[in-house]
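Worksheet for the structure shown next.
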Amino acid sequence: MSDDPGRERAQFVLGDRDGTTCEPELTSFVATTLREMGYTVAINDPYKGVELVRRHGRPAERRHSLQIEINRRLYLDEKTLAKHDGFTRLQASLRRMLDALGDYVRSRTG
């Protein structure tokens with residue numbers, strides 16, 4: 001739950017606990033890729049990441065953990081919780097994001 005309900009949120013919020021669980025370049029890559037697809041993106045605001053990313057993220061060991069919050073307005077009606085037409089677009093965007101992320105990781109390890 002947020003301390004400021006009603007505040008307009010970005011469509012994606014990336015949480016890397018202020019760069020402690022994921023190298024900044026990787027977080028920036030994900031943010032840039034999503035923005036290039038036309039989405040609004042915030043980093044660590046209002047969500048920095050929870051216990052899961054804290055526990056598993058160790059960038060110094062090349063173990064990166066990034067929380068990705070998706071604004072549900074992108075894909076469902078908040079009153080009925082039924083998927084709307086945005087679901088298909090989001091699904092395609094996430095596939096593209098994963099493909100781009102795979103290319104990014106391969107380029108860094110190759």
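The values are calculated or read from the model by the stated rules, or taken from the named source; none is laboratory data. These figures come from a predicted structure and were not determined experimentally. Here the Cβ positions follow ideal geometry from the backbone for every residue, glycine too, while neighbour counts run over all protein chains shown. Keep in mind that these areas ignore ligands, DNA and RNA; they rest on the heavy atoms of the full protein, side chains included. Shrake-Rupley method; radii C 1.70, N 1.55, O 1.52, S 1.80 Å.
Quick notes
- Hypothetical label at ARG63: residues of region 26-53 whose amide nitrogen lies under 12 Å (7 Å Cα-Cβ projection): 53
- Whole-Å distance, taken between Cα centres, linking region 1-67 and region 70-110: 15 Å
- Between the helical axis of 86-109 and the longest alpha-carbon principal axis of the chain there is an angle of about 0 degrees.
- Applying 0.36 nm per residue to the separation of THR88 and ALA42 and subtracting their alpha-carbon distance, the gain on full extension is 14.3 nm.
- Where GluC sites (Glu not before Pro) in DSSP loops with at most 10 other Cβ within 10 Å are excluded, longest remaining stretch of the chain: 9-77
- Cleavage-rule hits (trypsin sites (Lys or Arg not before Pro)) in region 1-78: DSSP loop, at most 12 neighbouring Cβ within 10 angstrom: ARG7, ARG62
- Accessible area of TYR47 in the full protein assembly, 1.4 Å probe (Å², nearest 10): 80 Å²
- Cα gyration tensor category, rounded, prolate or oblate, for the chain with a/c compared to 1.5: oblate
- Percent carbon-and-sulfur accessible area, region 25-110, ignoring ligands, DNA and RNA, probe 1.4 Å: 51 percent
- Percent antiparallel among DSSP beta bridges (both partners in region 1-73, rounded to 5): 60 percent
- Sequence-distant contacts, meaning Cα pairs under 8 Å at least 6 residues apart, place the relative contact order of region 8-110 at 30 percent.
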